[in-house]
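Only one structure is covered here, and it is reproduced in the block below.
Nothing in this text is a laboratory measurement; each read-out follows from the coordinates by a stated rule. It should be emphasised that the depicted structure is a prediction, and the values quoted were computed from it without experimental measurement. Neighbour counts run over all protein chains shown; Cβ positions are idealised from the backbone, glycine included.
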Amino acid sequence: MALVAAMLVGSMSIYAQEESSNFSIGADMVSRYVWRGVDMGGSSPHIQPYVEYAFGESGLVLGAWGSQSLGGLATGAEADLYLTYSFMDMFTIGMSDYFFPSDQAFSRDGYFNYKKATTGHTFEAMASFDGTESFPVTVLFAMNVYGADGTDENGDPYYAKYLEIGYSHSIGATDISLFMGAALDDPKEEQGAEGWYGNNSAGIINLGTTVSKSLKISDRFSLPISTSLIFNPEAENIYIVFGITL
């Protein structure tokens, strides 16, 4: 999901940007679409294109991001919009609009329906500390604020919340990142149903590591590769995701 695919682990990026342009375009590819410890794509590889526009040096970025299965499966299709603002070289705030279109031909997905009770959109607000060179620790907090977040027995939104802490370190030419994310809501007590992250209780849903490095092909071309090991302790699941960057 969008905000940004930077939150995804084990991706392949095909990146294109003109030095003088504020536009960035590209596509992530993942061997399996795992988002915050949740399998979103039915174990199929996914291609995830994006386009961004940066408003000069203001720190404001407007973007669109999508995901589509490469296995012909009608699962994990996604079309998101997001707006982020970064400041002080270490903080980011943002809003994402998550939407899951149908893969069926001539389908009517109701994209322009924003009514609270029937919309297919989910709006998420987030804030993050992005770490510094001397203190490479990141903290992300995200909360659904409107839309298809689900409602409890009283008709009130869940306002699903997620917290993640990360740490990165380099050993020679190898980059290592560690992450631990938790769903903060307890559906058993508060919602009477499964949570936004497929969780049955509050707890750690995204725990693991990504190891990445660049494989030198020639003097002008290197091929970054990565492998992620991801556990979801709450759901008792494990995923291994391989990524390549072209």
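Put a dot 7 Å past the Cα of MET88, heading toward its Cβ, do the same for THR209, and the two dots end up 3.1 nm apart.
On full extension, the segment bounded by ASN200 and ASP103 gains 32.1 nm, given 0.36 nm per residue less the C-alpha separation. Ordered by the count of other Cβ atoms within 10 Å of each Cβ, fewest first, TYR158, TYR53, TYR33, TYR197 give TYR53, TYR158, TYR197, TYR33. Multiplying the residue separation of ALA125 and ILE47 by 0.36 nm and removing their Cα-Cα distance gives an extension gain of 25.6 nm. Label positions at GLU236 and SER218, each projected 7 Å from the Cα along the C-beta direction, are separated by 5.2 nm.
Please arrange GLU52, GLU124 by how many other C-beta atoms lie within 10 Å of their C-beta, fewest to most. If you can, show how the numbers build up before the last one.
On the way: GLU52 18, GLU124 25.
Arranged by neighbour count, lowest to highest, GLU52, GLU124 become GLU52, GLU124.
Ranked by how many other Cβ atoms sit within 10 Å of their own Cβ, fewest first, the residues LEU83, LEU140 fall in the order LEU83, LEU140.
Under 5 Å between amide hydrogens, built in the peptide plane, is the criterion, and for ALA148 it picks out HIS121, THR122, PHE123 among residues at least 5 positions away or on other chains.
The local environment of SER102, defined by Cβ-Cβ distances under 14 Å, has a net charge of -2 under the rule Lys, Arg +1 and Asp, Glu -1.
So between THR174 and ALA64, what do we pick up on full extension, going 0.36 nm a residue minus the alpha carbon distance? Present the calculation step by step, with values, prior to reporting the outcome.
Details: separation 110, 0.36 × 110 = 39.60 nm, distance 3.03 nm.
Stretched out fully, the THR174 to ALA64 stretch lengthens by 36.6 nm.
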